[in-house]
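Bear in mind these aren't lab numbers, they're just calculated from the coordinates by the rules spelled out. These numbers were taken from a predicted model, which means no experiment stands behind them. In this analysis, Cβ positions are derived from the backbone assuming ideal geometry, glycine residues included, and neighbour counts consider all displayed protein chains.
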Amino acid sequence: MSTKKFCSLLSLFVVLAIGVTFASSTPWKELGPEGGDARSLSYDPHNPDRILLGTSSGQLYLSQDRGKSWTRFAQIGLGDDYVLDNTAFDPNDSNTIYVAVWSVEHQRDAGDLYVTRDGGKSWKTIESMRGKSIRALTIAPSNPKILIAGALDGVYRSEDSASTWHRISPENHAEIKNIESIAIDPKNSDVVYAGTWHLPWKTEDGGKNWHSIKQGVIDDSDVFSIIVDSSNPSNVFASACSGIYKSETSGQLFHKIQGIPMTARRTRVLMQDPVNPQIVYAGTTEGLYKTVDGGKTFKLMGVKNAIVNDVSIDPRDPKRVLLATDRSGVLMSENGGESFEPSNRGYSHRQVATVVVDQKDPDTIYAGLLNDRDFGGVYVSHDAGASWRQMSKGLKDRDVFTLQQSEGGTLWAGTNHGIMEFSGKSDTWEQASEVVKEKIIPAPKVVAKATPKTAAGKKAAAAAAAKAAKPKIEYEKSELTAQVSQLAFAGSHWYAATSSGVYSSHDAGKAWHGGPINTDSRFLSVSANDDKALAVTATSGYLSIDQGEKWEKVTVPNFITVINSATVAPDGSLWMATQQGAMRSTDDGKTWDHVTGGLPWKQILEVSVDAPNRRMLATARDARGVYASTDNGATWKYSADSELLVRGAVGFRGGYLAITAFNGLEVGSANAAAATVTRASSHGSGSK
């Protein structure tokens, strides 16, 4: 499961208007890199070409061409932490769509059931399900008006197409809680199976009575998925952290299915073929398995290493199978799972940390990714984002926090394990983290000898004594293995902010010198212009005016609680983006002004220099656009809103290339600028 942030303001709203695809309302365009995490899939029963794709940060995507391409359909909730594991079309009315959500940040007491009855134009939350962490949602096959939801506090039932709900599990029951999966008998909607974080349970009378159905199941098994055979309800499959189980007695007794390796037994989803009930797919944490004999034997299919979160089968063509996966996005098979290809056109759910536009070719873009392991690292596009390829050979699953390009065009990466240099000759990243430290060895004591009598002898003796008294300098070499949060290049002066201090290089990265400053070691950001450099931790800042040889602590106003980044502007002023807003100093950090002038007064994430366009850029925590200044930060204009939270930005073709919170990159054309009227300039509220 991915972790995302939760916006507590959500609990104040019952009815939310949610935008449709971005193309109709914003000059921003999603750019990629494509793929990433995908959580759930569901098709329209009246038109299976229409497929919904749920994410782990509140976005809902729609395909209208059987999953070949995707567009952003709706933003569910106000924050970016809602996991959309359960989405469904009403079988009677395709304009009615249900989305059950839970929050990874507030798992036990945050979640909702969202419903649209006009095809996504407007959405509302259902009051009786508000605040519930909903992990499962199922529509009764025998009566589409009946829905069953599983939440962390129990099981709920609706008999009027989700308008009203009532609890059908005992309140505060010691075991029937933490519901992870729900299944309904295809012929009798009163028969409900519930998989918990511990073991499975069943009711045969709509919830009046429940009984444990754990016989044959290894104790303490998390039950991720339950399905009931559509042709024979006595056959029940359940997947758990301990493997896959089958019952031929409606759950009275389960037996464990053999043949699936221990490492792949965390089966997140089971899906029965809608045409042939003998075929069942099992999406595991190590690939897709399939049985064609009702569960007697399972075979590993064409996806061997992917973490499979959901499976969707086209009812018109069961050989067409879609998978929602971690890191690989959507995978498509046309041959019943024998082989798969990515199907992510228009869909990006990547956590980009850094972006660089090539100095010589503005159509070439480099993006550094977090949390994608072998699917992450660095991606490059040579056609302004139309297509991407991975260029991560040599990174060995490193997260990439910062990218910089040297004057000669070489690309450098700051990772969670040192600094890497990209070799165009071998198309490989190579370690470039050699730290050189001077070690002074004191001169040994000179034993006095008889004084020479001649002038020449005295001169020679004096020279020998001077040489012997001179300390010897040795150089210790080691490798920088710390996390490198930011690289800054100012001509031949290079800097690295790391979790073990600040380092500088004056020989194009061949050797680095530095370490902790005073007692501070965990540096988040560094910026440089000419001979001046500013480095910050979360609570302190240091300035160097001699190319990193010496660092002096700057005065940080007492009311600043968190510093996010540092910037040295072209005019020599110092900037800190902080939780309390943007701070600027024109006297080398002795005093600071709190800058507004069109900027939010708090939660500034980044202030940066866009040199090619002669402006400064800024981003804020809750902003879905970019702030720009052409007068050295005195006044700022806000771009048009995108529909995604923006975490950083660089200039691109006169507009912006924005890093979103969880959806890769977005590009905003020049006409995306210009939304708000500038307000007053900065006012002094720092230390004097």
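Before moving on, here are some points about what is shown:
- Separation of the Lys296 and Ser423 label points, Cα + 7 Å toward Cβ, nm: 5.5
- Principal-axis tilt of helix 455-469 within the chain, Cα atoms, nearest 10 degrees: 20
- Point-charge dipole on Cβ atoms (K/R +1, D/E -1) for the range 608-677, about Cα centre, debye to 20: 140
- Rounded FRET efficiency, nearest 0.05, which uses the C-beta distance separating Leu253 from Val275 and R0 of 25 Å: 0.30
- Computed [θ] at 222 nm, helices only, for the chain once each DSSP H run of length n ≥ 4 contributes -39500 (n - 2.57): -500 deg cm²/dmol
- Total charge dipole magnitude, the chain, about the Cα centre, Cβ charges on Lys, Arg, Asp, Glu only, Debye to nearest 20: 2220
- Residue order, fewest to most surrounding Cβ atoms within 10 angstrom, among Phe401, Phe523: Phe401, Phe523
- Projecting label points 7 angstrom from Cα along Cα→Cβ for Glu407 and Asp571 puts them 2.6 nm apart.
- Spin-label model distance (nm) - Ser122 vs Asp205, 7 Å beyond Cα toward Cβ: 4.2
- Across the options Ala661, Ser639, Val609, the greatest Cα extent toward the positive end of the charge dipole of the range 608-677 (unit charges at beta carbon of Lys, Arg, Asp, Glu) belongs to Val609.
- Note on the chain: Cα-only Rg and Dmax are 30.2, 119 Å.
- Relative to its residue count, the range 608-677 spans a Cα convex hull of 76 Å³ per residue.
- Using the Cβ-Cβ distance between Lys510 and Ala611 with R0 set to 30 Å, the FRET efficiency from 1/(1 + (r/R0)^6) comes to roughly 0.70.
- Pairs beyond 21 Å (Cα-Cα), from Lys177/Lys214; Lys145/Lys214; Lys132/Lys187; Lys124/Lys208; Lys68/Lys145: Lys145/Lys214; Lys132/Lys187; Lys124/Lys208; Lys68/Lys145
- Sorted by Cβ density within 10 Å, fewest first, the residues His198, His211: His211, His198
- Taking other C-beta atoms within 10 Å as the exposure proxy, Met391, Met129, Met420, Met576 rank Met391, Met129, Met420, Met576 from fewest upward.
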